[in-house]
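Worksheet: one structure, shown below.
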There are 2 protein chains.
Amino acid sequence: MTDEANTPSPSRRALLAAGGAGLALGAATGAGAVTAARTDDTAPVADTGAAVPFHGRHQAGIATAVQDRLHFAAFDVKTDDRAALIDLLKEWTEAAALLTAGRAVGEGAYGGIPEAPPDDTGEALGLKPSRLTLTFGVGPGLFDERFGLADRRPEALVDLPKFPGDNLDAARSGGDLCVQACADDPQVAVHAIRNLARIGFGKVAVRWSQLGFGKTSSTTPDAQTPRNMMGFKDGTRNIAGNDTSNLAKHVWVSEKDGPDWMAGGSYLVARRIRMNIETWDRTSLKEQEDIFGRTKGEGAPYGKRHERDEPELRAMPEAAHVRLAHPDRHGGAMMLRRGYSFTDGTDGLGRLDAGLFFLAYQRDVRDAFIPVQRALARRDVLNEYIQHVGSAVFAIPPGVADEGSWWGRELFTGKA
Amino acid sequence: MTDEANTPSPSRRALLAAGGAGLALGAATGAGAVTAARTDDTAPVADTGAAVPFHGRHQAGIATAVQDRLHFAAFDVKTDDRAALIDLLKEWTEAAALLTAGRAVGEGAYGGIPEAPPDDTGEALGLKPSRLTLTFGVGPGLFDERFGLADRRPEALVDLPKFPGDNLDAARSGGDLCVQACADDPQVAVHAIRNLARIGFGKVAVRWSQLGFGKTSSTTPDAQTPRNMMGFKDGTRNIAGNDTSNLAKHVWVSEKDGPDWMAGGSYLVARRIRMNIETWDRTSLKEQEDIFGRTKGEGAPYGKRHERDEPELRAMPEAAHVRLAHPDRHGGAMMLRRGYSFTDGTDGLGRLDAGLFFLAYQRDVRDAFIPVQRALARRDVLNEYIQHVGSAVFAIPPGVADEGSWWGRELFTGKA
């Protein structure tokens, strides 16, 4: 994706053979970072054009400062050949390292053999890395009888229970694998998912995918808190990307949590939450604020003046969203939220199909998403205005340590 | 949408009464431009945060430098009360002038009466104007028996013929009214459409809407030409936004074209073009280039070296896209294209529902889109990879001259 407009791109393989020198990297976008920096080094990144390091202890795209746009894809694995699946994961990892560095896949969009399909689809040529991160996960379905992984399924990778009010569409739920692509330029995120789907042709198929046009949570508390489609600031008390203490406590799976292959990983819950925005928009300001327990303008908790003031739960209506979801009610459970707003055309009834694509990372869904959602599903007044219509849960393996490794390597080759 | 986080926003009406002084406009984003500058003044704008003038001879969003993101909505009119429709158009116009200036609608998202629904939905609070433009159009359905406009239908507003290969979905086609929202921040574009839909509740309903995540044409020839989902540069020879000669010749309806109410307006053809990207991605580089008649990297026409070299049609394969669509074959007809790439999840068959949302402005569709699309639909090799699945045509009235005027005023009150 460097600006290669006038000359065919040098062969990526030749470059790697020559020690990975950045000959083709004209755009000076930090693409050398493929091996240099590591995900662990990333304090929140500010430069929207830059590349985010791919290799490291944890996968990027979790603690990374939340990018502006999302393309999320869940895949069904169509092969039952374990070796073929492993080959695909190696290919995907190689491509992901290039894409996140702002480079094209393989020989690029026009640098290969004219009689063969190009290795890269080309629509991101000339665009910056745009802080693209690609975060890989495995769903419960991967642990069925096909790949000999049944005894490796983490206890924490539970099938989510049915919550009151759930109205889940199977076609927008589940998946054997997932890739979360976040970038500040949506074309870069879409390009990445599309190329991974292309590489996986015949072995995997896209089960569902979701575009997110605006972030609804940030992991950089100094920045302006984004607003969701209800017009409220969202994620004020989210875990910050540089809060190593809360990341260790609530997000990263530790070595003693088990299984071994998940150490340094996390668990992701994805929920497509449709909002009845037309109904919400006819609700009074007072009622809207009562429902959240915060003011709409400043985002201050009831009885307080500033957004980041500590909420005083007793000052809020009994069933206010902030009160029901507060960690104090759930044994201190916190999640790192990374959701995005979506608008997917219309629903056939003259209403926009819009809402929140909720993404939350946590150390154990049994202690975090499940109890919190149980409480919300039962009592939250917000339920009059929202409906959960898609759901999935994934185990997010640790980061790819170095160029010799690949997504899921520990799962397939390490200790159970 | 200025940063009003700590104080309730002053009443917009009070501000207007006070001469429109920009008391609430803390973000210094040129919001005073609501009345100051005019659309006619806009040479292509570069500052992505700025406001684009709303009032002027032509509507903004046509010759305006193409913004990065799109939310397009077509509406059915649900009332048959002419006065109610006119009231709505006045309300819409008032809101559009505020929104494009980066301001909230009415009393804002939290500045009104607590017991009433807020005037603005709030999710764009704190965001910049982001070069938002709102471009309004009327479809053939508005000229039926309901509003007494039958004798005002422009001859040029024809129902498009069925082209070979069309596979149109009625639910993604047509519409009595349209609003094209373009902005560099998609949240700003979505917010605008959503608020117009909210204002129109009971009188209009969204028939279909389309998000575009990346532009595929530019009206600023000095900038990098964007690439479509096939990986090719698109719109290299598009009409530039400052090319007044070609705009007058090919885009703006002149006074002698008639009807009077359309002078200074244009006609818009919108087509949702689904791309079979999985098939395309398995096509050889040579075949891809033969199909377009341009190289994939540089975008040079066959036999030439540079993107902007004059195409030599005889150097191309007989059925190359560039050759078939070239103005020389269509009496010199040109359109100003403003299309966007889309990706709307999956199609249930493991494939991304992706493609090009084609938007083209022209002085007369009978001389431009129709003959060009006839030629392409019949012979273009590209048809193996694309399918037109949505279609609409709209008359785009001239710009709103000043604060006393409104969208469609000439249609409802002027000469036929």
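The values are calculated or read from the model by the stated rules, or taken from the named source; none is laboratory data. A quick note: this is a predicted structure, and the numbers were derived from the prediction, not measured. Every residue, glycine among them, receives a Cβ derived from its backbone with ideal geometry; neighbour counts consider all protein chains shown.
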I'd like to check something: does the stretch A:61-79 contain any residue that is away from every other protein chain (no Cβ under 14 Å), of a type in the set (Val, Ile, Thr), crowded, with 22+ Cβ neighbours inside 10 Å and touching a Gly at 6+ places or on another chain (Cβ under 7 Å)?
yes
Name every residue in the stretch A:159-172 that is within 21 Å of the chain's Cα centre (by Cα) and either in a strand (DSSP E or B) or crowded, with 16+ Cβ neighbours inside 10 Å (or both), in order of residue number.
A:Leu160, A:Leu168, A:Arg172
For the stretch B:226-268, name all the residues that are farther than 30 Å from B:Gly293 by Cβ and either out of contact with any Pro (no Cβ under 9 Å at 6 or more places or on another chain) or among the hydroxyl-bearing types (Ser, Thr, Tyr) (or both).
B:Ser254, B:Glu255, B:Lys256, B:Asp260
Within the stretch A:357-368, can one find any residue that is touching a His at 6+ places or on another chain (Cβ under 7 Å) and of a type in the set (Lys, Arg)?
yes
Out of everything in the stretch B:115-132 that is at positive phi and facing another protein chain (nearest Cβ under 8 Å), what residue ends up being surrounded by the most Cβ atoms within 10 Å (Cβ to Cβ)?
B:Gly122
For the structure I just gave you, tell me whether A:Gly112 is buried (at least 19 other Cβ atoms within 10 Å of the Cβ), touching a Pro at 6+ places or on another chain (Cβ under 9 Å) and in contact (Cβ under 8 Å) with a residue 60 or more places away in the chain.
no
Would you check if B:Met230 is crowded, with 21+ Cβ neighbours inside 10 Å, more than 18 Å from B:Thr39 (Cβ to Cβ), touching a residue at least 40 places away in the same chain (Cβ under 8 Å) and of a type in the set (A, V, I, L, M, F, W, C)?
yes
Of all helices (runs of 4 or more DSSP H) completely enclosed by the stretch A:200-297, which ones contain at least 3 residues that are within 14 Å of chain B (Cβ to nearest Cβ)?
A:277-280, A:285-292
Subset of the stretch A:359-378 that is basic (Lys, Arg) and under 20 Å from the mean Cα position of the chain (by Cα) - its residue that is surrounded by the fewest Cβ atoms within 10 Å (Cβ to Cβ):
A:Arg366
Take A:His330 and tell me if it is within 24 Å of B:Gly111 (Cα to Cα) and either touching a helix residue (DSSP H, G or I) at 6+ places or on another chain (Cβ under 8 Å) or at pLDDT 90 or above (or both).
no
With respect to B:Thr121, is the statement that it is among the hydroxyl-bearing types (Ser, Thr, Tyr), modelled with pLDDT of 95 or more and either touching a strand residue (DSSP E or B) at 6+ places or on another chain (Cβ under 7 Å) or not in a loop (DSSP other than H, G, I, E, B) (or both) true?
no
Suppose we filter A:Val188, A:Val138 for residues that are away from chain B (no Cβ under 13 Å) and crowded, with 21+ Cβ neighbours inside 10 Å; which single one remains?
A:Val138
Taking the stated definitions as given, is B:Val179 in a strand (DSSP E or B), buried (at least 23 other Cβ atoms within 10 Å of the Cβ) and either within 11 Å of chain A (Cβ to nearest Cβ) or at pLDDT 95 or above (or both)?
yes
Restricting attention to the stretch B:275-289, does a residue exist that is hydrophobic (A, V, I, L, M, F, W, C) and in contact with a strand residue (DSSP E or B) (Cβ under 6 Å, 6 or more places away or on another chain)?
yes
For B:Val158, are the conditions met, namely being more than 14 Å from chain A (Cβ to nearest Cβ), of a type outside the set (Gly, Ala, Ser), closer than 30 Å to B:Gly258 by Cβ and touching a Lys or Arg at 6+ places or on another chain (Cβ under 7 Å)?
yes
For the stretch B:262-285, which positions are more than 20 Å from the chain's Cα centre (by Cα) and either under 19 Å from B:Phe136 (Cβ atoms) or of a type in the set (D, E, K, R) (or both)?
B:Glu278, B:Asp281, B:Arg282
